[in-house]
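The values are calculated or read from the model by the stated rules, or taken from the named source; none is laboratory data. Given the structure is predicted, the values throughout are model-derived calculations rather than measurements. Cβ sites come from the backbone with ideal geometry, for glycine too, and all protein chains shown count toward neighbours.
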Amino acid sequence: MQFTLKVIGNMIMSLEPTGEEQENFRANFKIISSCFASLPFKIPGTAFHRGLKARDRMHAMLDSIISDRRNGKSVQQDFLESLIRKHSKNASGEDNDDKLSDKQLKDNVLTLLIAGHDTTTAALTWLVKFLGENPVVLERLREEHMEIRDKREGESSLTWSEVMNMPYTAKVISETLRRATILPWYSRKAAQDFEIDGYKIEKGWSINLDVVSIHHDQEVFKNPFTFDPSRFDEPLRPFSYLGFGSGPRMCPGINLAKLELSVFIHHLVLRYKWTPLERDDSVQPTLVRMPKSKYPIMVESL
């Protein structure tokens with residue numbers, strides 16, 4: 001979805017929402033995203049090879065942007081500027097292992113672009129699907145946003161305080177992430193030996209958490225396959241909901257993601273109604289879970 005790429009591109013590196021540079025980034029980014037889970041065969045014609053070539057083109061574009069920043073041709077107040085000025089080896093003039101090389105800098109930018117785009121795109125897609133299938137939830141959500149709009153003076157834009165005062169919207173977002181489980185598993189490495197339910201885990205072992213099963217545990221969530229935002233009326237058992245992970249490695253983009261989703265919902269429910277063009281509940285078997293059909297819809301103004 002172009003909306004999410006434009007938002008994360010602007011936040012990280014002040015990428016303009018339109019223009020040739022944006023289109024080049026979007027085209028190559030799309031290739032990388034589609035090849036992310038491909039088999040690692042560096043053979044021309046394979047998905048992995050296409051992804052590597054697209055990455056190289058994006059690295060070349062980033063080289064140009066970084067060079068302009070360092071030469072003072074372009075100065076921005078964004079994440080990339082902070083990396084260049086404070087955290088890159090070339091900026092400090094020292095051979096410091098704690099600083100990022102240019103390759104590491106570029107890889108960090110691409111990682112954040114991918115993490116901030118694919119997941120939010122998937123969340124928005126599932127959100128539209130679940131709202132379309134649950135008219136009672138949609139109507140209550142619309143009422144909350146109509147109340148926010150009606151209290152606003154004139155034609156002013158949505159404010160931060162309004163976004164922070166959307167209690168039902170927050171529950172809808174949480175239920176969307178629970179029901180869809182955008183990232184089906186989390187990988188961790190054991191920091192020490194331990195035992196859980198009779199199973200011994202040794203230090204250094206890789207551990208994969210099955211988040212889909214956690215989010216559909218009937219002991220925690222009654223009727224787990226029903227879309228019901230009221231589940232979040234009361235606090236849940238610790239670690240039973242992992243929409244953004246948990247602990248010290250929780251998703252660093254949690255607040256940006258919630259902001260994007262809340263603003264999108266506000267304009268969606270106040271301005272549009274939609275009808276699905278396909279009804280298919282199957283899930284695309286990729287790293288980021290999406291409806292296999294991409295959930296195409298016909299949109300009309302209210």
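Out of all the residues in region 255-282, which are at pLDDT 90 or above and within 18 Å of Pro184 (Cα to Cα)?
Selection gives Ala257 alone.
What are the residue pairs meeting all of these: first residue in region 55-72, first residue closer than 17 Å to Lys86 by Cα, second residue buried (at least 18 other Cβ atoms within 10 Å of the Cβ) and β-branched (Val, Ile, Thr), Cβ atoms under 6 Å, and 6 or more apart or on different chains?
Note: pairs meeting the criteria are Arg69/Ile84.
Please specify each residue of region 213-231 satisfying the condition of being under 21 Å from Ala122 (Cα atoms) and in contact with a Ser or Thr (Cβ under 6 Å, 6 or more places away or on another chain).
The one that is under 21 Å from Ala122 (Cα atoms) and in contact with a Ser or Thr (Cβ under 6 Å, 6 or more places away or on another chain): His215.
Does Tyr186 meet the test of being assigned by TED's automatic domain parsing to the domain that holds Val288, under 30 Å from Asn28 (Cα atoms) and not hydrophobic (A, V, I, L, M, F, W, C)?
In short, yes.
Of all strands (runs of 3 or more DSSP E) completely enclosed by region 198-289, which ones contain at least 2 residues that are surrounded by 11 or more Cβ atoms within 10 Å (Cβ to Cβ)?
Counting at least 2 such residues, we get 206-210, 272-276.
If I go through region 150-162 residue by residue, how many of them are surrounded by fewer than 18 Cβ atoms within 10 Å (Cβ to Cβ), of a type outside the set (Lys, Arg) and not in a loop (DSSP other than H, G, I, E, B)?
Count: 3.
Could you say which residue among Glu175, Glu143, Glu147 is surrounded by 17 or more Cβ atoms within 10 Å (Cβ to Cβ) and assigned to a helix (DSSP H, G or I)? Break it down stepwise before answering.
Details: Glu143 fails: surrounded by 17 or more Cβ atoms within 10 Å (Cβ to Cβ); Glu147 fails: surrounded by 17 or more Cβ atoms within 10 Å (Cβ to Cβ).
Checking each option against the conditions leaves just Glu175.
Among the candidates Leu302, Leu270, Leu259, which residue alone is of a type in the set (A, V, I, L, M) and within 29 Å of Leu112 (Cα to Cα)?
Details: Leu302 fails: within 29 Å of Leu112 (Cα to Cα); Leu270 fails: within 29 Å of Leu112 (Cα to Cα).
Testing whether each residue is of a type in the set (A, V, I, L, M) and within 29 Å of Leu112 (Cα to Cα) leaves just Leu259.
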